[in-house]
Amino acid sequence: MKTLPIFLLAVLTFAAHAQTSSSKEVDAVYPEAHALYLDLHENPELSSHEVHTAAKLAERLHKLGYEVTEHVGGTGIVAILKNGSGPTVMLRTELDALPVEEKTGLPYASKVHAKDDAGHDVPVMHACGHDLHMAALIGTATMMARSKDTWHGTLMLIGQPAEETISGAKAMLADGFLTRFPKPDVAVALHVGNTLPAGEVGVVPGIYNTNADSIRITIYGKGGHGSAPQTAIDPIVIAARTILALQTIASREVKPGQLVVVTVGYVHAGTKNNIIPDQAELGLTVRTNKPEVREQVLAAIDRIAKAEAEAAGAPRSPLIEHYEGTDLVYNDPALAERLRGVLEASLGKGNVVSQEPITASEDFSYFVEQGIPGFYFELGGADPQKFAEAKAAGTQLPSNHSPLFAPDVDPALHTGIMAEVAVLRNLLKGSDHAANH
Ligand SMILES: [Zn+2]
Ligand SMILES: [Zn+2]
């Protein structure tokens, strides 16, 4: 990782018990943040189509006095609040929801359907909790705008589209994010999940998550009558063999102990039971956390897919497309340790836990790769009682992307705002050193 900017080094010399954020202050902005949460949850929008979502955030931020630029990299927004000299600190939320049918049974459950990019009608749900991130960001934006005596510098809030397709951060950067706006000195983001009870946050210094690669494999066969396999080359059988062989990459090829996930998330082939189709398509997600392992796994996928097709006498080699990819998110270790102290001071020491790197992925890494030190942390979302019960029973609560994903909103949102404000105030006091405060 690059060296820390001067102001961060200055920040590191400050004690952690400086002003953070209080629960009472959050109570004042909470009802509006909660109302926004319910609205966003009931009205989710798919990746790159977050038109109304972005407009709702932009309108609120504009009213709070932020200078708001819309349509950055599609539906992205950048909201800036200048408050004297000091560093520029960015806080990011995602805007998008997922093609998932909500089954939580909540009174505010989404019933929304939309057309996906392929033109199919799909259900839409905020199954990753980005609605909670947005609501927290608005609560935080309100507190920061109302307490300008507690910080100075430039606060930059961004609503990033299309995180779930790992394309929104890239699109914002391609649209001049670094040249049209002040370059952030540090970037902050959080993610809600059921791996921690609501009220807690998790900190991971260094490697936070994994590299993600999306691969599409189109296997070619020869179509025919289901009753006459001798006239055909069955791509479904090739696909089945390929899927099983791919599972030997992690178990037989890569050194034990290395992080490798190869998941075949979909298989598309055929239309009718008595027709052998002429092609089959597999969609893979691949997770790793070392560049050399990533290279090894991607090469093995390529080799196995081609060899299985060849073994079956396929008329041509499969088409292997690497259609999405993102690098892991790296948390600047010194910054993470520093902000751990800030979070402990704000939330209580017992509510800040150390976590292991996770296997999810994120395009927040695109910002970090621009030389912006990043701090990405986990926000507990689980109902504390259900969390304790699941732990005792050795079971798992629904993960993000599940149709049953339902964070315990009140404590999670409250904690999210507390945590964000504490972190931002701390980072935005970095310049106080020079100003002799
Ligand atoms: Zn997600
Ligand atoms: Zn997410």
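Considering (1) surrounded by 16 or more Cβ atoms within 10 Å (Cβ to Cβ); (2) away from ligand 2 (no atom under 16 Å from the Cβ), the lone condition that LYS111 does not fulfil carries the number (1).
Only strands (runs of 3 or more DSSP E) wholly contained in the range 124-208 count here; list those with 2 or more residues that are under 17 Å from ALA360 (Cβ atoms).
Numbers: elements: 153-160, 186-197, 201-203.
Of the strands (runs of 3 or more DSSP E) lying wholly inside the range 124-208, those with at least 2 residues that are under 17 Å from ALA360 (Cβ atoms) span 186-197, 201-203.
Scanning the range 216-237 for residues that are touching a Ser or Thr at 6+ places or on another chain (Cβ under 8 Å) and aliphatic (A, V, I, L, M), we see that the one that is nearest to TYR323 (Cα to Cα) is ILE217. Within the range 260-291, being outside any strand (DSSP E or B) and modelled with pLDDT of 95 or more holds for GLY270, THR271, LYS272, ASN273, ASN274, PRO277, ASP278.
Selection of the range 240-268 for residues being aliphatic (A, V, I, L, M) and over 30 Å from the mean Cα position of the chain (by Cα) yields only ALA240. Of all residues in the range 20-57, those satisfying the criterion of being modelled with pLDDT under 95 and assigned to a loop (DSSP other than H, G, I, E, B) are THR20, SER21, SER22.
Could you tell me whether any residue of the range 376-389 is more than 19 Å from ARG338 (Cβ to Cβ), at pLDDT below 95 and surrounded by fewer than 16 Cβ atoms within 10 Å (Cβ to Cβ)? No, the range 376-389 has no match at all. Does VAL186 fit the bill of being within 16 Å of ligand 1 (Cβ to nearest atom), in contact with a strand residue (DSSP E or B) (Cβ under 8 Å, 6 or more places away or on another chain) and either open to solvent by less than 10 Å² (accessible area, probe 1.4 Å) or modelled with pLDDT under 95 (or both)? No: the conditions fail for VAL186. Considering (1) open to solvent by less than 10 Å² (accessible area, probe 1.4 Å); (2) more than 16 Å from ligand 2 (Cβ to nearest atom), the lone condition that HIS133 does not fulfil carries the number (2). For ILE166, are the conditions met, namely being within 16 Å of ligand 2 (Cβ to nearest atom), β-branched (Val, Ile, Thr) and at pLDDT below 95? Answer is yes for this residue.
State whether one or more residues within the range 140-153 are under 21 Å from LEU38 (Cβ atoms), within 16 Å of ligand 2 (Cβ to nearest atom), touching a helix residue (DSSP H, G or I) at 6+ places or on another chain (Cβ under 7 Å) and aliphatic (A, V, I, L, M). Please lay out each step first, then the result.
Of all residues in the range 140-153, those under 21 Å from LEU38 (Cβ atoms) come to 140-143.
Within this subset, residues satisfying the condition of being within 16 Å of ligand 2 (Cβ to nearest atom) are none.
Among the residues of the range 140-153, not one is under 21 Å from LEU38 (Cβ atoms), within 16 Å of ligand 2 (Cβ to nearest atom), touching a helix residue (DSSP H, G or I) at 6+ places or on another chain (Cβ under 7 Å) and aliphatic (A, V, I, L, M), which makes the answer no.
In this entry, ASP278 passes the filter for residues that are under 19 Å from PRO315 (Cβ atoms) and not β-branched (Val, Ile, Thr).
In a strand (DSSP E or B), more than 28 Å from LEU397 (Cβ to Cβ), at pLDDT 95 or above and not aliphatic (A, V, I, L, M): is that true of THR218 in this structure?
Answer is yes for this residue.
The values are calculated or read from the model by the stated rules, or taken from the named source; none is laboratory data. Owing to the predicted nature of the structure, the values given are computational and were not obtained by experimental measurement. Cβ atoms come from the backbone with ideal geometry, glycine included; neighbour counts cover every protein chain shown. These accessible areas exclude ligands, DNA and RNA; they are computed on the full protein's heavy atoms, side chains included. Shrake-Rupley method; radii C 1.70, N 1.55, O 1.52, S 1.80 Å.
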